[in-house]
Amino acid sequence: MVLRSAKSDDAYALGVGTRQLPSASDRPLVSIFLLLHYLTLIMARRYDSRTTIFSPEGRLYQIEYAMEAISHAGTVLGVLSKDGVVLAAEKKVTGKLLDMSIAKEGGYGGSGEKIFLLNSNVVAGVAGIAADANSLVNYARQASQRHLFMYNEDIPVELLAQRLCDLKQGYTQYGGLRPFGVSLLYAGYDPHYEFQLYHSDPSGNYSGWKATCIGANNGTATSLLKQEYKEDISVEDAIELVLRTMSKTMDSTTLGSEKLEFATLTLDANKNPKAKIYKPAEIDALLQKHGLGKKEEDADMAA
């Protein structure tokens, strides 16, 4: 046998990048290696072209690919406190020519990209394909209104998460469909379980969390949350924790309203849930309050 060079295995198997071609006794082994390599590639491709086909290892590749798409999306972070829930999200679609007049002047706040109001008692942050997220947000809003019309009360948070997960699970089980390439964080309140934070993924699974993160850099954010989260944290401390964690995990060097969306869910004076999605000016003021906003010279340079 000849010694392998620093070239790839394929190059070595073909005799390229070595000092000499394989000997006559080695050529059958090389042929077997190439055949096995080719068959491995063919077998892998047989199981990732359909949502409904399991691989021999028991995997559904299309769902894994959908989750991979989410890992490249903007970070969404949620923290549950004793008197509220806090959501923050990193916006990827930014630019000086982008019209943000609606987010600044009208509506309920936000740019309509990362954080949405699903019902008066539920706010959601999304990570993944924006078009898929819009479809699920509309479905969730309709489900919430149907429940309100039928029972004359706001939909329980877990029930709303179940409704969306039933829909997403169906898209993994029938031919001709592809999974939704989006994960959601649900921040909500109902009289039964009070404040809650749920996460759902493209497979249709959902789970309850005290603090969690989805999207890019979720591993780093989760590690920071594990170190700093406390059971009896207040909503004000949760806001500070979320902003501090986002400042350490976002790809941007400075935090600003052009790259960040923010929302809180608390109770008003009458003990009714109050969802607040911050407008750009409010986000900048909040960042300045916690010492994480842009410095004046940076703002002048950006202008």
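The values are calculated or read from the model by the stated rules, or taken from the named source; none is laboratory data. What you are looking at is a predicted structure, and each value in this text was computed from that prediction instead of being measured. Cβ atoms come from the backbone with ideal geometry, glycine included; neighbour counts cover every protein chain shown. Accessible surface is based on the protein model in full, side chains and every heavy atom, while ligands, DNA and RNA are left aside. Shrake-Rupley method; radii C 1.70, N 1.55, O 1.52, S 1.80 Å.
Quick notes
- Per the listing Ser183, Ser135, Ser144, the residue uniquely among the small types (Gly, Ala, Ser), surrounded by fewer than 16 Cβ atoms within 10 Å (Cβ to Cβ) and within 26 Å of Pro273 (Cα to Cα) is Ser135.
- Taken together, the criteria exclude Phe195 from residues that are more than 21 Å from the chain's Cα centre (by Cα), modelled with pLDDT of 95 or more, open to solvent by 10 Å² or more (accessible area, probe 1.4 Å) and aromatic (Phe, Trp, Tyr).
- Where helices (runs of 4 or more DSSP H) fall entirely within the stretch 4-78, those with at least 1 residues that are at pLDDT 70 or above, of a type in the set (A, V, I, L, M) and closer than 22 Å to Gly170 by Cα are at 61-70.
- Of everything in the stretch 235-265 that is among the hydrophobic types (A, V, I, L, M, F, W, C) and in a loop (DSSP other than H, G, I, E, B), the residue that is farthest from Ser223 (Cα to Cα) is Leu255.
- Candidates in the stretch 164-180 are the residues that are surrounded by 18 or more Cβ atoms within 10 Å (Cβ to Cβ) and touching a helix residue (DSSP H, G or I) at 6+ places or on another chain (Cβ under 8 Å); of these, the one that is nearest to Ile129 (Cα to Cα) is Phe180.
- Candidate set from the stretch 220-231 (those that are in a helix (DSSP H, G or I) and more than 12 Å from Met250 (Cα to Cα)); member that is most open to solvent (accessible area, probe 1.4 Å): Lys226
- When restricted to residues that are part of a helix (DSSP H, G or I), more than 12 Å from Tyr198 (Cα to Cα) and not hydrophobic (A, V, I, L, M, F, W, C), the stretch 150-174 contains 6.
- Filter result for Tyr206 (closer than 23 Å to Leu136 by Cβ and open to solvent by 60 Å² or more (accessible area, probe 1.4 Å)): yes
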